[in-house]
Amino acid sequence: MIEFPSLKEEDAQTYLLPPDPSYDALIETVESFYQDWGRSFVFRDRHDPYSVLLSEVMLQQTQTSRVVEKYRYFLSRWPSFKALAHAPLEEILIAWKGLGYNRRALNLKKTAEKTEAWNWTIPNDHKAMLTLPGVGKATAAALLAFCYQEKSIYLETNIRRVLLYYYFHDQTDVHDRVLEAILAKIIVLVDDPRSWYYALMDYGVLLKALVPNPNTKSAHYAKQSRFEGSKRQVRAALLHHIAEHGPVSLPAVSSMLREYDSKYLDQSIEELLKEGFLLLREGYLSIR
């Protein structure tokens, strides 16, 4: 039980329910498990929109263990939307190194810049949240629940695992909208949305250790592609080199990354220019 080091497997098994439990039974079991074994994270102690959004974006497709120290560093270096909005992108990218998917860092900076119109915060407004770069249904729901205690419909990997395991054990290709309908029925029975979703995520982590992956039953399931040798690796190497060392000429880029497929390199440069990461001026690439 890596995520719950003191919990023995035979004790963990006692928290499993029979198939198709009532919503009340699921709530009682999940909350009981959370009370006994709930995990403690620095980002669960902060409920302002900046801290919540930062953690949600960092945790997307990234293990919790890799996020904690980066999260602390970002909060100490850029403690607010205003501070992050005024930070140079190259400094943010250098700090982001190791988390992967650098587009998330760019979207965070763009979002920080947009919050100036709201006095450097994000209001309790679902439609407004969805206008922010990189903020979709799940992230908006997290902001509503964790910042404002709203009974939003928050569906992420660990929560999806719980619902698929208990209510769709004999089905495949289950669409998220079906799971969201179940969550909508459950959340009205819950008094504290913030704690409930923390508990539900931890319970999903428990199931990950005990049962074969229920998420393969999801219509949206896709195994993450390998990073080594991928275009993602080339993009990351290019971005971080320029962020750390400054502008570089196009011929130097080819020499610097000669171990990578030239097709990936050309595609990466084109994409990073189009996405707003890089600027090409007089034959030199720099962070925009």
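The values are calculated or read from the model by the stated rules, or taken from the named source; none is laboratory data. Here the structure is a predicted model, which means the values were calculated and not measured. All Cβ positions, even for glycine, are placed from backbone atoms using ideal geometry, and neighbour counts span all protein chains on display.
Right, A83: more than 24 Å from A145 (Cβ to Cβ), modelled with pLDDT of 95 or more and part of a loop (DSSP other than H, G, I, E, B) or not?
In short, no.
Could you please find all residues in segment 41-71 being closer than 19 Å to Y198 by Cβ and of a type in the set (K, R)?
Scanning segment 41-71 gives R44, R46.
Picking from A12, A25, which residue would you name as being at pLDDT 95 or above, assigned to a helix (DSSP H, G or I), out of contact with any Asp or Glu (no Cβ under 6 Å at 6 or more places or on another chain) and exposed (fewer than 14 other Cβ atoms within 10 Å of the Cβ)?
A25
Looking only at segment 40-77, which residues are of a type in the set (A, V, I, L, M, F, W, C) and either assigned to a loop (DSSP other than H, G, I, E, B) or not assigned by TED's automatic domain parsing to the domain that holds T139 (or both)?
Initial filter on segment 40-77 (of a type in the set (A, V, I, L, M, F, W, C)): 41-43, 52-54, 57-59, 67-68, 74-75.
Correct list: F41 only.
What single numbered condition from (1) at pLDDT 95 or above; (2) more than 18 Å from the chain's Cα centre (by Cα); (3) over 16 Å from A112 (Cβ atoms) fails to hold for I2?
The single condition I2 does not satisfy is (1).
Are there any pairs, at least 6 apart or on different chains, whose C-beta atoms fall under 8 Å, with the first in segment 161-190 and under 18 Å from K208 (Cα atoms) and the second assigned to a loop (DSSP other than H, G, I, E, B) and of a type in the set (V, I, T), and if so, which?
Close Cβ pairs (under 8 Å, with a partner that is assigned to a loop (DSSP other than H, G, I, E, B) and of a type in the set (V, I, T)) amount to Y165/V211.
Any chance you could count how many residues in segment 238-256 are touching a Ser or Thr at 6+ places or on another chain (Cβ under 9 Å) and within 22 Å of E91 (Cβ to Cβ)?
Quick first cut of segment 238-256, residues touching a Ser or Thr at 6+ places or on another chain (Cβ under 9 Å) only: 238-239, 242, 246-248, 254.
Filter once more, keeping what is within 22 Å of E91 (Cβ to Cβ): 238-239, 242, 246-248.
Of the residues in segment 238-256, 6 are touching a Ser or Thr at 6+ places or on another chain (Cβ under 9 Å) and within 22 Å of E91 (Cβ to Cβ).
Looking at segment 116-143, I want the residues that are on the phi > 0 side of the Ramachandran plot and have a partner that is hydroxyl-bearing (S, T, Y) and surrounded by fewer than 20 Cβ atoms within 10 Å (Cβ to Cβ) with Cβ atoms under 9 Å, at least 6 apart or on another chain. Which pairs are those?
W120/S80
Would you kindly identify the helices (runs of 4 or more DSSP H) lying entirely within segment 95-160 that contain at least 3 residues that are closer than 20 Å to V42 by Cβ and not β-branched (V, I, T)?
103-114, 137-148
Give segment 190-216 a look and list any residue that's touching a Lys or Arg at 6+ places or on another chain (Cβ under 6 Å) and charged (D, E, K, R), or say none.
Passing the criteria: only D202.
Name the one entry in Y197, Y203, Y167 that is aromatic (F, W, Y), in the same structural domain as S32 (by TED's automatic domain parsing) and under 21 Å from K137 (Cα atoms).
Step by step, each of Y197, Y203, Y167 is checked, and only Y197 is aromatic (F, W, Y), in the same structural domain as S32 (by TED's automatic domain parsing) and under 21 Å from K137 (Cα atoms).
Checking L143 against (1) buried (at least 17 other Cβ atoms within 10 Å of the Cβ); (2) over 30 Å from L26 (Cα atoms), only one condition comes out false. Which one?
For L143, the exception is condition (2).
Checking the structure you have, find out if any residue of segment 4-22 is in contact with a Cys (Cβ under 7 Å, 6 or more places away or on another chain) and in contact (Cβ under 8 Å) with a residue 24 or more places away in the chain.
No, because not a single residue in segment 4-22 is in contact with a Cys (Cβ under 7 Å, 6 or more places away or on another chain) and in contact (Cβ under 8 Å) with a residue 24 or more places away in the chain.
When the residues of segment 97-131 are narrowed to those that are more than 12 Å from S80 (Cα to Cα) and charged (D, E, K, R), which ends up nearest to the chain's Cα centre (by Cα)?
By that ranking, first place goes to R104.
For every residue, the table says whether it meets (1) surrounded by fewer than 22 Cβ atoms within 10 Å (Cβ to Cβ); (2) not basic (K, R).
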{"position": "I122", "(1), (2)": "no, yes"}
{"position": "K127", "(1), (2)": "yes, no"}
{"position": "L130", "(1), (2)": "yes, yes"}
{"position": "A138", "(1), (2)": "yes, yes"}
{"position": "Q149", "(1), (2)": "yes, yes"}
{"position": "L163", "(1), (2)": "no, yes"}
